[in-house]
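Asks: Structure incoming, see below.
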Amino acid sequence: MAKRNQLLTWGVPIVVILIAVALIAYVLGKQQSSTETQPAQTQTNAPVQGPSAPSSVQQPARPDYAALERRIEGDPLAIGAIDAPVVLVGFSDYQCQFCAKWSNDTLPALQPYVNAGDLRIEWYDVSIFGEDSHRAALAAYAAGQQGQFWQYHARLFPNGGILDASDLTEDALIEHAAELGLDTDQFAADLASDEVRQAVEANMSTGLEYGVFSTPSFTINGQPIVGAQPTPVFTDAVEAAISAG
């Protein structure tokens with residue numbers, strides 16, 4: 001009886017061990033089976049291939065600046081022979097300090113080329129700096145109706161500077177015209193006319209169309225020059241254009 005009890009005592013642990021071994025084997029078998037049936041993982045650190053860049057990028061076409069040349073007989077905002085081989089086109093604002101400097105320093109140096117018939121200068125007043133600039137542009141154009149655009153232009157840039165706002169009121173602009181000997185009645189009428197306003201606004205629109213967002217800006221035979229560069233930049237460009245003829 002004691003022997004039988006001893007066998008029972010040892011038998012229980014053996015049974016437990018056998019069950020445990022069976023369970024372990026079963027679990028390992030399931031894991032192995034699961035690993036074998038799972039699809040292979042794709043590599044996640046491979047670089048993502050995006051769309052290829054175009055072999056060449058199309059640059060926007062440069063405007064045809066030569067199209068700015070008006071070459072109109074009797075143009076009030078131009079000086080020089082209509083058939084001059086070289087045309088300088090300028091964009092300016094009467095409240096622009098650099099425009100004033102250019103008109104004082106460089107414009108006189110170009111006059112000999114105008115007198116020789118080699119250069120024509122055509123002007124566009126653009127009112128980037130606001131209402132004072134706009135009124136001044138209207139007044140300069142009105143003076144041009146009496147053949148004195150350039151004289152009035154110079155008066156708006158005294159000694160290479162700009163006028164204060166108090167000198168650009170309507171009354172002050174008429175006074176400038178009187179001091180230049182203009183017919184002030186005609187000047188005042190032109191200053192207020194739709195014709196002059198539309199012409200000035202058309203010049204402004206042309207400037208914006210061609211990308212003129214700063215003043216002064218120029219073209220010489222269609223080649224752009226931006227800013228009040230030193231005078232030799234302009235005289236050299238004019239002489240080169242004459243030579244290229």
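What follows is calculated from the coordinates using simple rules that are stated; it is not laboratory data. Here the structure is a predicted model, which is why all the values come from computation and not from measurement. Don't worry about glycine lacking a Cβ; one is built from the backbone with ideal geometry, like all the others, and counts go over all protein chains shown.
Asks: When the chain is fully extended, how far beyond the present Cα-Cα distance does Ala178 get from Phe129, taking 0.36 nm per residue of separation? Walk me through the numbers on the way to the answer.
Replies: Numbers: separation 49, 0.36 × 49 = 17.64 nm, distance 2.55 nm.
Taking Ala178 through Phe129 to full extension adds about 15.1 nm, to one decimal.
Asks: What is the spin-label model distance, in nm, from Asp236 to Ala165 if the labels are put 7 Å beyond Cα along the C-beta direction?
Replies: Spacing of the two 7 Å Cα→Cβ label points: 4.1 nm.
Asks: Now a separate question. Please compute the length gained on full extension between Ser193 and Asp75, using 0.36 nm multiplied by the number of residues separating them and subtracting their Cα-Cα distance.
Replies: 40.7 nm
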